[in-house]
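Beneath this line is the structure, given in structure tokens, with notes to follow.
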Amino acid sequence: DRAWELLADVARWPEWAPHITSASVDPPGAVGPTSHGRFRFRPTGRGAFRMTAWDPPRSWTWTGRAMGVTIDYDHAFEPIDDRRSRLRWVVRTASGRRGVRARLFAVVYSRFIDRAWPGFAHWAAEPESR
């Protein structure tokens, strides 16, 4: 529940994800079944998303565009024990489209995520930071 709560606070992602300079969600607050929003990324520009699947507290999927590519982002939470969860984050091009932009997105995004997740773990473990 806590992992879900923290990750669902998308407007605060810039606090732990160095590639995100701003995030907005509509309606404001934690993401929900009708959420949509925007990100500003360093250095690739902007992206937008809209919720396409909602199954709290197990998973959500949103679809967005970044670098001219439509992407599905699956966020699935799996409890390990009372204090730990595993997040399985699957990112795929919508409708299986591939091409130069999709391959470039995959390379850039995987590097961003590899740098961001340790920041999320630290941020989530530090209650005084929220």
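The values are calculated or read from the model by the stated rules, or taken from the named source; none is laboratory data. What you see is a predicted model, and the numbers here were worked out from it, not measured in a lab. Virtual Cβ from ideal backbone geometry, glycine too; neighbours counted across all protein chains shown. Ligands, DNA and RNA are stripped out before the accessible areas are found, and what is left, the full protein with its side chains, is counted by its heavy atoms. Shrake-Rupley method; radii C 1.70, N 1.55, O 1.52, S 1.80 Å.
When restricted to residues that are open to solvent by 50 Å² or more (accessible area, probe 1.4 Å) and without any contact (Cβ under 8 Å) to a residue 24 or more places away in the chain, the stretch 37-50 contains 5.
Kindly provide the set of residues from the stretch 60-106 that are surrounded by fewer than 16 Cβ atoms within 10 Å (Cβ to Cβ), modelled with pLDDT under 80 and not charged (D, E, K, R), ordered by number. Correct list: G68, A94, S95, G96, G99, V100, L104. There is at least one residue in the stretch 51-63 that is closer than 26 Å to V100 by Cα and either part of a helix (DSSP H, G or I) or touching a residue at least 24 places away in the same chain (Cβ under 8 Å) (or both).
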